[in-house]
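The values are calculated or read from the model by the stated rules, or taken from the named source; none is laboratory data. Everything numeric here is computed off the predicted structure, so don't read it as measured data. For neighbour counting, all protein chains shown are included, and Cβ atoms are generated from backbone atoms with ideal geometry for every residue, glycine included.
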Amino acid sequence: MIGRALFHGFIGLIYLFITLPILVVLVASVSTTPYLVFPPKGFTLRWFSDITSLGDFITAFEYSFEVAVLATALSMLLGTWIALVIGRNQFPGRSLLMSFFLSPIILPELAVAVGLLQYFSQSGLIHGLLAVVLAHSVICTPYAVRTITAATARADRSIEDCAASLGAAPWRVLRDVTLPLLKPGLLSGAIMAFVISFDNVTISLFLSAPGRITLPALLFNQAAETGLNTTIAAVSALLVIFMMGLMLLVERAIGLEKFFQSAVAPSKRAA
């Protein structure tokens, strides 16, 4: 009994350690002082109302959302195709090919950013929306591949075989049977890709065009130039609330348990 209590206490300390920086930002964002301070001195929501008058933050949020949506769409198209081809077929070099597609997850993001900058500079796409979307797709696609491959391994292929034996064309089997079976993995992959793209800083800093920068990159620049202030904390707090809202949508759509099963717990067949 004592050991179980100690274990739960240790887990609680880990959760506290992980969430404490977020709580500090949320609490500091309502301080009456223009500079970041914890614990806050007083309580005010004026910094949140001031954000609406700062066009740079609104424009950066819209640009971040646009980039994340486009990068997610491209990542899902690539990830679904890769997962169906590699996850359902046995061929020489399959493991090596899967490792290649998942490699951006383990590579240092700075190295990926420098490599993409060099590549795009030689191809004439050094700055702009297209370069940022393609670059974000490079780091988002592995997460889509991971979750969809796990869902593919768990899907009952006999249902697809039944549909094919009844005369359904391959494209109709894919549309009406396969994709609905993969729905939890598809939703999980899309949400993870969106979050990874929306929160990215390093690649966005390297490839964003002048005047068009994502919100996380803008916050990084603002903090570097003027230091941490309460306005930055307020914007960060809104981002936290935005992500929490996204998680609530996930819970409504598929449930967080299924989401994390698709995201991080592939079956033995996937391995």
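Which of the residues spanning the stretch 12-36 are over 26 Å from Arg46 (Cβ atoms) and more than 23 Å from the chain's Cα centre (by Cα)?
Residues satisfying the conditions are Gly12, Leu13.
Pick from Ile159, Ile191, Ile203, Ile196: which is assigned by TED's automatic domain parsing to the domain that holds Thr147, in contact with a helix residue (DSSP H, G or I) (Cβ under 9 Å, 6 or more places away or on another chain), β-branched (Val, Ile, Thr) and surrounded by fewer than 16 Cβ atoms within 10 Å (Cβ to Cβ)?
Only one candidate qualifies: Ile159.
What pairs come out if I take residues in the stretch 193-217 that are closer than 13 Å to Ala135 by Cβ and of a type in the set (Gly, Ala, Ser) and pair them with residues that are at pLDDT 85 or above and in a loop (DSSP other than H, G, I, E, B) whose C-beta lies under 6 Å away, six or more apart or interchain?
Ser204/Thr214; Ala217/Val201
If Thr32 passes every condition in (1) surrounded by fewer than 17 Cβ atoms within 10 Å (Cβ to Cβ); (2) assigned to a helix (DSSP H, G or I) but one, which one does it miss?
Going through the list (1) surrounded by fewer than 17 Cβ atoms within 10 Å (Cβ to Cβ); (2) assigned to a helix (DSSP H, G or I), Thr32 breaks only (2).
Restricting to the stretch 229-246, what's the tally of residues that are at pLDDT 80 or above and under 16 Å from Leu218 (Cβ atoms)?
Qualifying residue count, the stretch 229-246: 9.
Pick out the one residue from Pro184, Pro180 that is in the same structural domain as Ile82 (by TED's automatic domain parsing) and without any contact (Cβ under 8 Å) to a residue 60 or more places away in the chain.
After ruling out the rest, the residue left standing is Pro180.
If I go through the stretch 18-36 residue by residue, how many of them are touching a residue at least 12 places away in the same chain (Cβ under 8 Å) and over 12 Å from Ala234 (Cβ atoms)?
5
Just the residues that are touching a Leu at 6+ places or on another chain (Cβ under 8 Å) and free of Cβ contacts under 8 Å to residues at least 12 places away in the same chain, please, taken from the stretch 103-150.
Leu125
In contact with a Cys (Cβ under 8 Å, 6 or more places away or on another chain), under 19 Å from Pro180 (Cα atoms) and either in the same structural domain as Ile203 (by TED's automatic domain parsing) or not acidic (Asp, Glu) (or both) - does that describe any residue in the stretch 59-71?
No, because not a single residue in the stretch 59-71 is in contact with a Cys (Cβ under 8 Å, 6 or more places away or on another chain), under 19 Å from Pro180 (Cα atoms) and either in the same structural domain as Ile203 (by TED's automatic domain parsing) or not acidic (Asp, Glu) (or both).
State whether the residues of the stretch 151-173 include one that is within 30 Å of Ile241 (Cβ to Cβ) and touching a residue at least 24 places away in the same chain (Cβ under 8 Å).
yes
Is there a residue being closer than 26 Å to Thr202 by Cα, surrounded by 13 or more Cβ atoms within 10 Å (Cβ to Cβ), touching a Lys or Arg at 6+ places or on another chain (Cβ under 8 Å) and in the same structural domain as Phe198 (by TED's automatic domain parsing) anywhere in the stretch 75-94?
No, the conditions are met nowhere in the stretch 75-94.
Report yes if some residue within the stretch 165-173 is aliphatic (A, V, I, L, M) and exposed (fewer than 14 other Cβ atoms within 10 Å of the Cβ); otherwise report no. Outline the logic, then answer.
Of all residues in the stretch 165-173, those aliphatic (A, V, I, L, M) come to 166, 168-169, 173.
Among the residues that remain, those that are also exposed (fewer than 14 other Cβ atoms within 10 Å of the Cβ) are: 166, 169.
Looking for residues that are aliphatic (A, V, I, L, M) and exposed (fewer than 14 other Cβ atoms within 10 Å of the Cβ), one finds at least one in the stretch 165-173, hence yes.
Pick out the one residue from Pro92, Pro39 that is assigned to a loop (DSSP other than H, G, I, E, B) and within 30 Å of Leu238 (Cα to Cα).
The conditions single out Pro39.
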